[in-house]
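Below: one structure, written as structure tokens.
Coordinate-derived values only; no laboratory data. Remember, predicted model here, so these are calculated numbers, not experimental data. No Cβ is skipped: glycine too gets one built from the backbone with ideal geometry, and neighbour counts run over all protein chains shown.
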Amino acid sequence: MVSQFDQDSANFENLAEEVTKWSGAFQSRLKQRSVAAPNSDGLSDMKLPLTGSGAREAFESFTVNIAPYLSGSAGPRYQGFVTGGATPASIMADWLVAVTDQNVMVPGDSIATEVEMQALSWLLELFELPDSFDGILTTGATASNVLGALCARQYAGERQSIDVARSGLSGVEIEVFSATPHASMQKAFGFIGLGRDVITKVPCLPNSEEMDVTALEKMLKKSNCDGKVIVANAGTVTGTDFDDLQAIAKLCKTYGAWLHVDAAFGLFSRLTPDRLHLTEGIELADSITADGHKWLNVPYDCGIFLTKHPYLLQQSCSVAAPYLDVGSALPAFMDRGIENSRRFRALPVWMTLMAYGKSGYEQLVENNCAQASALARWIDASEGYELSTPCKLNVVVFRPVGLNDEALKVVLNKINASGKVYLTPGAWQGKGAIRAAFSNWRTTMEDVEIICDVLESVMVKA
Ligand SMILES: *Cc1c(COP(=O)(O)O)cnc(C)c1O
């Protein structure tokens, strides 16, 4: 008997052609489709099939039961959170990842490990970071922050003659300082056993999310702890504020502190010459987090973790088992990250960099920043809205004039109900705000005009 697997496999090219056609149509309709997904009629009464009906029927069921209810988050007017698009080359690469199904765990049987190493070294070149950084591609910036926290923990232990990865945290003192840590950073410290509350908040400069370095210095001076860790930000999610990394790195050197920089999307500011000063000093960091699935515009899931101390990462993550020892000179990425078995996520990074190069990405970042500043100018000139803070990079933070936070929510819901744009809430200096983040290669100035039209149409007149 021919199995369903065999039948589908024999028909694979035809099936793939149908999927390709559908994908082309989906992509070309992204501009028109509703950005926020309509509520689904519910999948809940679909039962697990006892006998499968094959890939074609499964695909048809996807087109009927799932596809209509997907969001237009890949499209040009989804400005929620910080959401990247996916470049054509990276989408193609992601298909090839599934087709070739490599497990980038240990080297020895595939070029995949070398591809990941080259992708990482191209990223260093892209961001003009020294090659003293080593790293790994992760599932996202949250995972990268976990690795940063792990390295910092291992470093703090080493200073106190304790190998934390081996013998645990008992007896180790660690203090963490940060001004505006991303929520995922708190989650990371929770994961690694230090607790979410381990972070001591350093005051910010007035009306900013940037760390007050003088206050930090006072706190460091006062502390007797031998395991100090600073989590600095290069691009906070709301104000896109950058800590003074140069000054902080200097303090880290003086006080023997680990410097982790969360630069999930802020690292991309290095691609525009006008903003190079923002990340000055980042080359002095011990570890850096960046995201692939945000501004690099590769499909989910892809994050970037860089460190100058790969041995600490290795100590924290290494997996020892005889069957895993393939005796290669290349690193085993399973020893540098959370997972053992790992997706070939390096391929979309490699292919998108190959396809669009440094200048393609410089243009992408430049465009998104110009779009954000165009929206900010419109808001500034409008009667119904005001900027919460000036637009400095790719995020616009604003609120309706004279409305309380409750009424702001109503306005935001109306904006999103238009289906033309999707924005998400935020807070600035304790007051509610609306955020619009630009990080998709598809977005154009025409889209900014559409966003302004939507904002105009739901404006509450005084
Ligand atoms: C998005 C973001 C994260 C979390 O990234 P994920 O890729 O969603 O896990 C962490 N830090 C900053 C500054 C971010 O913008």
Charge-dipole axis of the chain as Lys and Arg at +1 and Asp and Glu at -1 on Cβ define it, positive-most pick from VAL106, ASN145, SER132 | ASN145
Contact order relative to length for the stretch 182-330, counting C-alpha pairs under 8 Å separated by 6 or more residues, stands in percent at 15 percent
Scoring the chain by relative contact order with C-alpha pairs under 8 Å, at least six apart, yields a percentage of 22 percent
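Expressed in nm to one decimal, what extension gain is obtained for the pair ASP163 and SER132 from 0.36 nm per residue of sequence separation less their Cα-Cα distance?
8.8 nm
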Based on DSSP, what percent of beta bridges with both residues in the chain are antiparallel, to the nearest 5?
-> 60 percent
Globularity ratio of the stretch 19-71, using Cα Rg and 2.2 N^0.38 Å = 1.31
Given the Cα atoms of the stretch 339-392, and with Rh set as the inverse mean 1/r over their pairs in the Kirkwood sense, what is Rg to Rh to two decimals?
-> 1.28
Step through the residues of the stretch 369-378 one at a time and calculate ³J(HN,Hα) from phi using the Karplus curve (6.51 cos²θ - 1.76 cosθ + 1.60, θ = phi - 60°), rounding each to whole Hz and writing x for Gly and Pro.
-> 5, 5, 5, 4, 6, 5, 5, 4, 4, 4
Between GLY235 and residues 5 or more places away or on another chain, the pairs with built amide H atoms under 5 Å apart involve ASP241, PHE242, ASP243
With DSSP loop assignment and no more than 16 other C-beta atoms within 10 Å, the trypsin sites (Lys or Arg not before Pro) in the stretch 378-462 are LYS461
Points 7 angstrom from Cα along the Cβ direction at ASN65 and THR254: gap in nanometres?
-> 6.3 nm
Roughly what % of Cα-Cα distances in the stretch 112-269 sit above 19 Å, to the whole percent?
-> 56 percent
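Can you check what the net charge comes to around ASP301, using other residues whose Cβ is under 15 Å from the Cβ of ASP301 (Lys, Arg +1; Asp, Glu -1)?
That works out to 0.
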State, to one decimal in nm, how far the label point of LYS218 lies from the label point of TRP95, with both points 7 Å from Cα in the Cβ direction.
-> 6.0 nm
For the pair THR200 and ASP380, how long in nm is the line joining their label points, each one 7 Å along Cα→Cβ?
-> 3.9 nm
Would you kindly state how much longer the chain becomes between ASN340 and GLU280 on full extension, computed as 0.36 nm times their sequence separation minus their alpha carbon distance, in nm to one decimal?
-> 18.1 nm
Convex hull projection area averaged over all views, the stretch 253-393, Cα basis, nm² | 12.2 nm²
Between the stretch 1-80 and the stretch 399-462, what's the alpha-carbon centroid distance in Å?
-> 31 Å
Karplus ³J(HN,Hα) for the stretch 112-119 (6.51 cos²θ - 1.76 cosθ + 1.60, θ = phi - 60°; Hz, whole; x = Gly/Pro) runs 3, 4, 5, 4, 5, 5, 5, 4
Extension gain, ALA10 back to ASP226 (0.36 nm per residue minus Cα-Cα distance, nm) | 71.5 nm
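Would you mind computing Rg(Cα) / (2.2 N^0.38 Å) for the chain, counting N as its residues?
It is 1.05.
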Just how large is the dipole of the stretch 177-225 about the Cα centre, in debye to the nearest 20, putting +1 at every Lys and Arg Cβ and -1 at every Asp and Glu Cβ?
-> 200 debye
Taking Cα pairs under 8 Å and at least six residues apart, what relative contact order does the stretch 94-227 come out at, in percent?
-> 19 percent
Simple Cβ-charge dipole of the chain, Lys/Arg +1 and Asp/Glu -1, about Cα centre, in debye nearest 20 | 1000 debye
